[in-house]
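Have a look at the structure below, then the notes.
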Amino acid sequence: MPGRDVTMARTPSPDFDRKKVSQVPPVERQVALLGILSESPGMRREELARETARFFGWLRLGPDIRAAFDQDIEELLARNAVEEGPSGLVPLEGPAETH
């Protein structure tokens, strides 16, 4: 919903079709990325993207999903929400809520 803060990411339910990556708002994807990264700090971009795709119910990491997650990770880096070092990505904020 426009104007509302997003604090959790939604997983697909069995009775609804999976949304396309373009139908999931960037802020929701970023909450999911942060949530997964907070549980497993030090993940590489590819591994984080793959795990986040699974979270949303996407079975493959196609070019559209990869591009969206790359952009989301760049946004998280620009916001200083994560940092990238030799050991991978590490969250700099508290854990995000994912459901």
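The values are calculated or read from the model by the stated rules, or taken from the named source; none is laboratory data. Since we're looking at a predicted model, the values are computed, not measured. No Cβ is skipped: glycine too gets one built from the backbone with ideal geometry, and neighbour counts run over all protein chains shown.
Restricting to region 56-99, count the residues that are in contact with a strand residue (DSSP E or B) (Cβ under 7 Å, 6 or more places away or on another chain), surrounded by 12 or more Cβ atoms within 10 Å (Cβ to Cβ) and modelled with pLDDT under 95.
Here the count works out to 3.
List every residue pair whose Cβ atoms lie under 8 Å apart, where the two residues are 6 or more positions apart in sequence or sit on different chains, the first residue falls within region 63-74 and is in contact (Cβ under 8 Å) with a residue 12 or more places away in the chain and at negative phi, and the second residue, located anywhere, is in a helix (DSSP H, G or I) and surrounded by fewer than 17 Cβ atoms within 10 Å (Cβ to Cβ).
That search, which allows pairs on different chains as well, returns ASP64/SER22; ALA68/SER22; ALA68/PRO26; PHE69/ARG45; ASP70/ARG45; GLN71/PRO26; ASP72/PRO26; ILE73/ARG45.
Given the criteria modelled with pLDDT under 95, surrounded by 13 or more Cβ atoms within 10 Å (Cβ to Cβ) and in contact with an Asp or Glu (Cβ under 7 Å, 6 or more places away or on another chain), does VAL24 qualify?
The answer is no for VAL24.
Name the residue, out of ARG50, ARG29, that is of a type in the set (Lys, Arg), surrounded by 11 or more Cβ atoms within 10 Å (Cβ to Cβ), in contact with a Leu (Cβ under 6 Å, 6 or more places away or on another chain) and modelled with pLDDT of 80 or more.
ARG50
Scan region 29-44 and report the pairs whose first residue is within 15 Å of PRO86 (Cα to Cα) and whose second residue is among the polar types (S, T, N, Q) and surrounded by fewer than 24 Cβ atoms within 10 Å (Cβ to Cβ), with Cβ atoms within less than 8 Å and a gap of 6+ or a chain change.
These pairs meet every condition: GLY42/SER87.
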